[in-house]
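Right, one structure below, let's go through it.
The values are calculated or read from the model by the stated rules, or taken from the named source; none is laboratory data. For clarity, every value in this text was computed on a predicted model and none was experimentally measured. Please note: Cβ atoms are built from the backbone with ideal geometry, for glycine as well, and neighbour counts cover all protein chains shown.
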Amino acid sequence: MLTVEPFLQNADTRDFAAEEWGRLCARDPSALAVAEIDREITVGELIKQARVRAGQFIAQGVEPGSRVIVARPNVIEFVVDYLAVRLCGAVLVNLPWAAGTSITELAEILDAKVVVLTEHLVGDNPLFDQLGERRFREAETAPIGPERPVVRSGEKLAWLACTSGTTGTPKAAMHTSATWQRQTEVFAQHFGLTKDDPILVSSPVGHAVSLLFGVRFSLLLDSPMILVSRWKIDTAVDLIERYKCTFTVAPTPFLIDMVSFAEKNGNERVKSLKFFPSAGAPVPRTLVRRGLDALPGCQVWSYFGTSEAGAVTACPLDADLENRLETDGIAMPGTTTRVIDNELQLHCPEQMMTGYWSGDPNGRLHDDGWYQTGDACEQREDGYIKMVGRAQDIILRGGENISPLEIENTLLSHTSVEDVAIIGYPDERLGSRLAAVVVQAGDVTLDGLRDHCKGVGLDKAKWPEFMTCIDKIPLSAIGKVQRGVLEDYVWDEVKKTAQKGVS
């Protein structure tokens with residue numbers, strides 16, 4: 001068990017939205033605030049647009065405490081919406097712009113006052129007709145919004161981070177302004193970032209990690225925010241080179257793309273990049289090794305976090321090579337960790353959610369403040385933690401715990417794989433074997449997948465042993481893979497293949 005002291009003071013009485021807005025207003029109004037590949041906005045223009053949007057929200061009925069769903073890609077308008085929500089004293093709910101039914105379902109569950117869509121992307125999809133009066137309408141005649149945020153102290157609800165449980169039922173982790181601030185500050189402090197560190201917002205802002213460690217990082221640091229509207233390695237490289245970005249955090253497939261680019265083209269165009277932590281699933285250790293070689297001067301390693309608690313672990317900046325390669329770091333300041341029955345549990349009251357919007361039927365957040373993550377891990381006596389994967393999803397193959405997410409993230413970098421899920425199926429000798437359920441983007445074979453795993457350096461025990469194709473991976477309302485459905489599908493396909501072999 002490892003404990004480090006927290007640093008956030010007087011959190012419940014501070015008005016963090018007012019502090020954030022005050023920092024923005026104190027900046028040079030002509031300075032760059034946010035950029036995309038083909039658009040920029042200054043600080044002064046951002047302030048003006050945020051006030052206009054806040055006025056539109058208020059005209060549509062938004063009040064302090066109202067839930068506002070923002071479902072946009074990585075565009076300037078998302079930042080405008082975010083600031084407008086804060087000005088109104090409302091509660092932000094950020095969702096992926098293409099989340100579909102989870103947007104409409106959560107609008108009902110959370111009784112959202114307004115749902116903001118990117119209209120030219122969703123088009124005339126009849127699904128969103130059911131939003132009715134909740135759907136955001138840009139009222140040009142609405143009065144401009146307030147000059148400063150509605151007063152809201154730190155203990156007030158400010159953000160709902162949407163996640164899902166084992167049943168796939170959407171859940172919204174409730175964060176106060178204080179716990180939200182803590183999550184952002186502790187990670188920024190870990191890296192020693194300043195206003196001179198342009199932040200590349202590469203992963204989707206509809207997810208917690210990009211909001212916390214992209215959008216909010218930039219606003220906390222008073223640094224330029226650089227948005228990758230849709231991930232393409234060439235676009236990311238262009239933006240890093242143009243704006244001298246120093247930090248980004250992104251999932252494994254993005255890291256694979258960046259490392260592969262540097263290996264092929266050298267690192268000259270991305271040499272400003274100093275930090276590229278990766279999360280979302282266990283990162284192949286060989287990929288970390290490749291990253292450190294291909295991106296000299298850049299800290300490349302994996303960390304662990306959750307929507308309920310933000311960043312939980314990270315490698316110290318002076319960690320030795322073995323710890324960077326073989327672990328996901330140590331607990332962040334203010335966080336205590338323990339492992340019970342191979343499952344990681346946390347105690348971090350200053351950044352932990354206060355609960356779930358619709359209750360916690362599985363009792364993961366205990367009365368004493370300990371939280372069961374549902375993630376399997378190993379923790380050494382010195383506090384270093386190695387994540388294994390979701391405890392419920394772990395596949396036991398030949399006595400070894402296999403994380404499907406690690407393999408999935410590896411296979412997603414294959415050019416002919418649009419989507420993939422790794423599923424275990426019964427085997428008398430090994431207990432389970434690994435099947436790849438693939439949504440094809442081109443010609444792909446089992447041998448091709450295995451060769452790709454070999455090229456990335458994934459352990460042979462984690463290579464798929466069976467492959468079947470499907471039109472679409474079945475997901476829950478919030479986007480979680482329905483593994484139980486796929487287990488039945490894979491087992492049927494395995495039996496069919498065996499019968500063909502016999503006949």
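Here are some notes:
- Scan region 430-453 for residues that are closer than 12 Å to Glu465 by Cβ, of a type in the set (D, E, K, R) and either assigned to a loop (DSSP other than H, G, I, E, B) or out of contact with any strand residue (DSSP E or B) (no Cβ under 8 Å at 6 or more places or on another chain) (or both) and the total you get is 2.
- Just one of the listed residues (Leu87, Leu83, Leu110, Leu92) is touching a residue at least 12 places away in the same chain (Cβ under 8 Å), farther than 30 Å from Glu40 by Cα and in the same structural domain as Ala59 (by TED's automatic domain parsing), and it is Leu110.
- Restricting region 5-32 to residues that are touching a Pro at 6+ places or on another chain (Cβ under 7 Å) and surrounded by 15 or more Cβ atoms within 10 Å (Cβ to Cβ), the residue that is modelled with the lowest pLDDT: Pro6
- Within region 446-503, the set of residues being modelled with pLDDT under 90, among the basic types (Lys, Arg) and surrounded by 14 or more Cβ atoms within 10 Å (Cβ to Cβ) comprises Lys480, Arg483.
- Index of the failed condition, Gly369 passing every other in (1) out of contact with any Pro (no Cβ under 9 Å at 6 or more places or on another chain); (2) under 24 Å from Val186 (Cβ atoms); (3) surrounded by fewer than 18 Cβ atoms within 10 Å (Cβ to Cβ): (1)
- Among the residues making up region 322-359, those that are in a loop (DSSP other than H, G, I, E, B), among the acidic types (Asp, Glu) and free of Cβ contacts under 8 Å to residues at least 60 places away in the same chain are Asp328, Asp341.
- Flag for Ser102 being surrounded by 17 or more Cβ atoms within 10 Å (Cβ to Cβ), assigned by TED's automatic domain parsing to the domain that holds Arg51 and within 28 Å of Gln183 (Cα to Cα): yes
- Which numbered condition Phe247 fails, given (1) touching a Cys at 6+ places or on another chain (Cβ under 9 Å); (2) surrounded by 21 or more Cβ atoms within 10 Å (Cβ to Cβ): (1)
- Residue in region 100-108 that is at pLDDT below 90 and part of a loop (DSSP other than H, G, I, E, B) present: yes
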